[in-house]
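Take a look at the structure below.
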Amino acid sequence: MARDEANRIWLEDQLADARAALAEAEKPPTYDEILGGYAAAQAYAERLDQVRSRLKGLEDIESSLTSPDGKAPRFLMSLTADSPPLAAVSIGNLDTADDITYAVPGMGTTTEGMGDWARTAQNIATLQDQVDGGRLRLGERRQSELLLYLRCSRA
């Protein structure tokens, strides 16, 4: 799927940029920053937290793309440059699906910890496969896929 391939390439680019940004942000404060007092120290800490959060979100997206053995492949359907990044990962190919289930966590949810949401979505997809297996025995074949949609920004 071209969309998945392009998003994975962009994810790798963003990961490289985020790692470079973290290396830069972790450098000791400059003399001027030290002389800037509390406000400068606070700005330094906030910048470091933001860079770490972005990298963590990107790494969690990357890890959520690994399918458990014997399970449907996962596709990176969308990805943003936000900090932390926002993403949508499908379990199974949405282009060939008869039915699509959406898993949409609430406001304030980010891609940090996306692995937990991906496991939950995988459990739902596994249950759907069991139901679909029952449909197959009845002569009806439907392909159900699931989209994990982490696109809500912080409130």
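The values are calculated or read from the model by the stated rules, or taken from the named source; none is laboratory data. Computed from a prediction, not measured in an experiment: that's the story for all the values here. Protein only, heavy atoms only, side chains kept; ligands, DNA and RNA dropped before computing areas. Shrake-Rupley method; radii C 1.70, N 1.55, O 1.52, S 1.80 Å.
Remarks
- Across q = 0.12, 0.13, 0.18 Å⁻¹, the chain modelled as identical point scatterers on its alpha-carbon atoms has Debye log10 I(q)/I(0) values of -0.59, -0.66, -1.03, in the order of the q list.
- Accessible-area ranking of Ile61, Ile124, largest first, probe 1.4 Å: Ile124, Ile61
- Rolling a 1.4 Å probe over the protein heavy atoms gives the chain an accessible area of 57 Å² per residue.
- Accessible area of the chain belonging to carbon and sulfur atoms, whole % at 1.4 Å probe: 54 percent
- Based on C-alpha pairs under 8 angstrom that are at least 6 apart in sequence, the chain has a relative contact order of 24 percent.
- DSSP beta bridges in the chain [antiparallel fraction, %, rounded to 5]: 65 percent
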